[in-house]
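S.K.: First, the structure itself, so that you have it in front of you.
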Amino acid sequence: MSALRASLLKAIEELKAEVVTMADLVLNNINEAFLAFKTNNLKKAESLMKADDEVDQLEEDISKSALRVMWKEQPYAQDLRVVTGILKLVTDLERIGDHATDIAEQTIHIGSLKNQRLLPKTTIMSESAYQMVLNAINAFVKQDMKLAKQVIEDDDVVDAQFNDVMASVTEQIKNDSIDSQYAVSVIMVAKYMERVADHAVNLAEWTIFMITGEHKKTPLF
């Protein structure tokens, strides 16, 4: 192996490690944000609002590192696909981090309401969306085509769970058994988790692009 090739592979592995660091933080934030909502933990929610700055900084640092690799190492073929895919992938990770902040904002917004926050249907949905992101990151790390495709298929499950949450909240509104302001926040949180799942699909699609050079069945490389 040439010195140039070895340098490129080292740079790509360092990039991947940075992505994993960012993904770990994002996964923690989205999990903690939903937990804060369920338990009405305003202190945790306020802390998560500040944690988003670190996610934003990681996105910027990784993007700069990726561009530096492209300029300095001049990768081609599959190596270029990986670096390009990472540039796209961190954008979706950052947006997942944004949704953790969105959920934290909802927790603060309804902090004075004395509603039951342990919502089984929304909890199941949040767990499904979280697992999709985790699987998408594992697919990226392992460059696992099968797992990436599974993430894409699992989006239908989360969509169905979102519809179930909507139906449940609508029924409670009709029966006047839920505070209207609280109902809106539940719907918003469920929508944020549905978007988290959508971003997990994007992560999986960029991993498939890294492996095949195709994005949503369109050849790019």
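The values are calculated or read from the model by the stated rules, or taken from the named source; none is laboratory data. Remember, predicted model here, so these are calculated numbers, not experimental data. Note: ideal-geometry Cβ built from the backbone for every residue, glycine included; neighbour counts use all protein chains shown.
S.K.: Within region 87-118, take every residue that is out of contact with any helix residue (DSSP H, G or I) (no Cβ under 6 Å at 6 or more places or on another chain) and in a loop (DSSP other than H, G, I, E, B) and give me the one that is modelled with the lowest pLDDT.
M.R.: Checking each candidate, the answer is Q116.
S.K.: Could you say which residue among I178, I124 is assigned to a loop (DSSP other than H, G, I, E, B) and surrounded by fewer than 20 Cβ atoms within 10 Å (Cβ to Cβ)?
M.R.: Being assigned to a loop (DSSP other than H, G, I, E, B) and surrounded by fewer than 20 Cβ atoms within 10 Å (Cβ to Cβ) holds for just one of I178, I124, which is I178.
S.K.: So the check is Cβ under 9 Å with 6+ separation or different chains; which pairs have a first residue in region 129-154 that's closer than 23 Å to N29 by Cβ and a second one that's of a type in the set (A, V, I, L, M, F, W, C) and exposed (fewer than 15 other Cβ atoms within 10 Å of the Cβ)?
M.R.: That search, which allows pairs on different chains as well, returns I137/V20; F140/V20; V141/V20.
S.K.: Hey, another quick one. Could you please give the count of residues in region 38-73 that are under 18 Å from the mean Cα position of the chain (by Cα) and among the polar types (S, T, N, Q)?
M.R.: 2
S.K.: Which one is modelled with the lowest pLDDT among residues in region 1-48 that are within 23 Å of E194 (Cα to Cα) and not in a helix (DSSP H, G or I)?
M.R.: Taking the candidates together, the pick is N40.
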